[in-house]
Amino acid sequence: PLQAAIAVSVPFDLADCARRLNRGFSRLYQWYLLRHLRAGFRAKFSRIPCPLRVDVERLRSFREYDDQVTAPLHGFSGADEYYARSSCGQYLRDIATPTLILHARDDPFMYPEDVPGEEALADAVTLELSAHGGHAGFVAGRSGLPHYWLEERISRWLRQRLPGPDQEAGRARLPP
């Protein structure tokens, strides 16, 4: 059974994420990611019949893509239902497995007010907020000498919670 979990830069509210990615500098991320989503869509449906009648080249935002592609492909009536049912923020209170969530206040995919407060978290959830880190970047140090601390933090947290090699034989081991 699952003994611990870690989530990085999670979409607490997908509707707000879609709005945020359609504003300011974040639109560059949206443009880049939509390009890859369109390419993946074309590749997949060049091999199998497409159940949708959609021109993905005309979709200009995540909301449009989610409304016309993601939602119908996964059984949702549209983007609103998909966002409402799939946003993780509403489920954080129910988590029983020790879980670490790492998030940066300057994540260009989300508004700072989307970060849940303690009252929205189960006792098993630890939310660590970094002032900087962007979306899954988490780089410290200085120009020319970056320090990528995300992997170190994840390894340290898991080592503190998972059985070591002396405690349980046959378990996967994390590097020291």
Worksheet item: Which strands (runs of 3 or more DSSP E) does the range 91-154 wholly contain that include 2 or more residues that are within 14 Å of the chain's Cα centre (by Cα)?
Response: 99-104
Practice prompt. Assess whether ARG47 counts as being over 16 Å from the mean Cα position of the chain (by Cα), modelled with pLDDT of 95 or more and open to solvent by 60 Å² or more (accessible area, probe 1.4 Å).
Written response: yes
Discussion item. Within the range 141-153, does at least one residue satisfy the condition of being at pLDDT below 95, more than 22 Å from TYR29 (Cβ to Cβ) and in contact with a Leu (Cβ under 9 Å, 6 or more places away or on another chain)?
Written reply: yes
Discussion item. Restricting to the range 99-136, give me the number of residues that are open to solvent by 30 Å² or more (accessible area, probe 1.4 Å), among the acidic types (Asp, Glu) and either at positive phi or in contact with a Gly (Cβ under 9 Å, 6 or more places away or on another chain) (or both).
Written reply: 1
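Counting only residues that are among the acidic types (Asp, Glu) and open to solvent by 80 Å² or more (accessible area, probe 1.4 Å), how many does the range 58-98 have?
Looking only at that region, the number is 2.
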Worksheet item: Has the range 42-53 got at least one residue that is within 30 Å of GLY133 (Cα to Cα) and either assigned to a helix (DSSP H, G or I) or not charged (D, E, K, R) (or both)?
Response: no
Discussion item. Please determine whether any residue of the range 61-75 is at negative phi, in a loop (DSSP other than H, G, I, E, B) and out of contact with any Gly (no Cβ under 9 Å at 6 or more places or on another chain).
Written reply: yes
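The values are calculated or read from the model by the stated rules, or taken from the named source; none is laboratory data. Just so you know, these numbers come straight off a predicted model, no measurement behind them. Backbone-built Cβ (ideal geometry, glycine too); neighbour counts: all protein chains shown. Just so you know, the surface numbers come from the protein's heavy atoms only, side chains and all, with ligands and any DNA or RNA stripped out. Shrake-Rupley method; radii C 1.70, N 1.55, O 1.52, S 1.80 Å.
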